[in-house]
Amino acid sequence: MGLRLNERWVKLAAFVIVLVAFAVLLFFFIRAIWSVLQIFIITGLVVLALDWFVEQLVSRRIPRWAATLIILLVFILTIGLFVLLIIPPMVSQFEEFIAALPDLWARLIARLGVLLARFPALGRNFDLQAFIIGLTRDVGSWVQAATTVFTTAIGAFTTTILIIVISFYMLLNPWPLLYGIRGLFPETWWPAIDRLAHEIAVRLRGWVVGTFVLGLAIGLLDYIALLLINLFSTERIPFILFFAIIGGLLEIVPIIGPIIAAVLPALVAFSINPLLGVFVLLAYFVIQQLENNLLAPYIMHRAVHMHPVSLIFALIVMSTLFGVFGAVIAVPVASIFKVLYDEWYYPLMHGGKKPGPPPREGPPEIAVPVQ
């Protein structure tokens, strides 16, 4: 028994050492070709989302080239419709928001000053000057980042064309790529690799489609909520379309994204009227509860089965290593590691058994040796 236990620990130690060395080498390699990898990561996610529709048309005896062309044309038309209908008013409201930012900023600082004067105890624990300096620095960086995004539209258009072209060829004939990747491993591993690849593809496809649907739903709910507040209030919240689109886009960032999406309109509303800011926070809180308890479990049930702390850890790590794009792909990367853990590592360490469902409450059962 002791010998078998030692063999297991030796195997685990060797595996960890090899894994760490491989991870370090992989990290430096990825950093060297990161700009290229971003294009292929986005392309891979697009292909995973569209492949199911292509396969449905192929199953109805439509030639694969025609099915691929039809689905890609529908995808391009959808993106084009989004750009034509949403982007111009969003850019217009963004420009208006930037122009109104100094006035909104002055109002917000005045409101904070009144609040601190009314509650002196709060002022002793809150450094208004440090808050203003820090927030000014952050706002400046956000504006600079947003300006950079809008000034690189030509590069984004070129990248989009490249992604569409690569997606077409990958959807048209993916088999050489798949068999080439499988050929990197021994034939005895192929059934396990096929099972892992299938499960990863299902999770990633579920995340892509689910995130898209959730973004649309949350953006629409945010817009309706802000519109209703404006209808029943004597003072109006400006830029509600801009805030709603930002709320929908930030659904791609788990847990933290919705919080960031709520802070900006709440601050603007607070600068107009503190009660208005409270209404905005309540509206976003209700929408978040609706998402967590109704929309997300139904839409994302096959995509992500991870603890919120694990998602936050993945988000922090990926954003630290790879910036904004790292935050965007944090959930897909975490999902891949989750599949590898559930389907490969855990069975390897536990005699082929897969992990069972965790207990809902209380500590895990620990076997206590009898003295």
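Classify segment 182-294 as rounded, prolate or oblate from the Cα gyration tensor: take a ≥ b ≥ c as the square roots of its eigenvalues, call it rounded if a/c is under 1.5, otherwise prolate when a/b beats b/c and oblate if not. Could you put the intermediate results ahead of the total?
Numbers: a/c = 4.06, a/b = 3.80, b/c = 1.07.
Prolate, because a/c is 1.5 or more and a/b exceeds b/c.
With contacts defined as alpha carbon pairs under 8 Å and 6 or more residues apart, what's the relative contact order of segment 198-308 in percent?
Over segment 198-308, the number comes to 35 percent.
In terms of the ratio Rg/(2.2 N^0.38 Å) built on C-alpha atoms, what value belongs to segment 247-343?
Rounded to two decimals, the normalised Rg is 1.24.
As a test of the definition: which semi-axes, in Å, follow for segment 53-117 when you take the square root of five times each eigenvalue of its alpha carbon gyration tensor? Largest first, please.
51, 14, 5
Multiply the residue separation of residue 36 and residue 345 by 0.36 nm, subtract the distance between their alpha-carbon atoms, and state the gained length in nm to one decimal.
So the chain would gain 108.2 nm between residue 36 and residue 345.
Read-outs: derived from the displayed coordinates by stated rules, not from any lab. Since the model is a prediction, treat every value here as computed from it, not as a measurement.
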